[in-house]
Amino acid sequence: MGKEMPKSERSKLLNPLVMPSVEQAAARGNSLALVRPKLPKFIYKKKTVDQLEEERASYKLAAAQTSFFDEDLAALEPTPYEFRFKFQDADSAHNFSNGDWEAHAMYFAGRKRGMSEAEVLDWMDHTFNVEYPQRGMLFAVGNQAKRPQTWQLLGVLRVDATEQEAFNF
């Protein structure tokens, strides 16, 4: 326990699980899939005051419905930006909100280290638009039982592309 799989080993484990597209994952009846995005574009947009207040209220509501161990949820501060990814897969183009908590944690980590908002956004832009696409990335996508037709981006994974996949871009 506490050991991390070397990044070089991740591709051997995860690449065989990659689906060509969200549509093909849905056709197979999957509710969770890994997709290697083509032409990914990370974008961010400043949230409105109303959006931020709505998020704060939803955090408080969720915390009120849980045990006292989850009091930290009510204290969470929403990220002032909406993060999204536009990308293509084997069948179509997508524009998904980035539900990956690590992207939001990345924003707050940069701010905590003293980076300006612009520096953090530049760092995130470089990471998700330059570094990850060059080195290889996967999107974890999924849907909910109540809304199987609605897929969303759940996570962004830095996983090397295989040599064959590198030729497909």
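What follows is calculated from the coordinates using simple rules that are stated; it is not laboratory data. Here the structure is a predicted model, which is why all the values come from computation and not from measurement. Cβ placement follows ideal geometry from the backbone for every residue including glycine, while neighbour counts extend to all protein chains displayed.
Observations on the structure shown:
- Dipole in debye (nearest 20) - the chain, about Cα centre, beta carbon charges: Lys, Arg +1; Asp, Glu -1: 300
- Lysine pairs in the chain whose alpha-carbon atoms fall under 17 angstrom of each other, counting only those eight or more residues apart or on distinct chains, come to 4.
- Between Tyr44, Tyr81, Tyr59, the residue with the greatest mean-square fluctuation in the GNM of the chain (Cα pairs under 10 Å linked by springs) is Tyr59.
- For the chain, the share of DSSP beta bridges that are antiparallel, to the nearest 5, is 90%.
- Distance histogram in 10 Å bins (all Cα pairs of the chain, percent per bin): 9, 31, 35, 22, 3, 0
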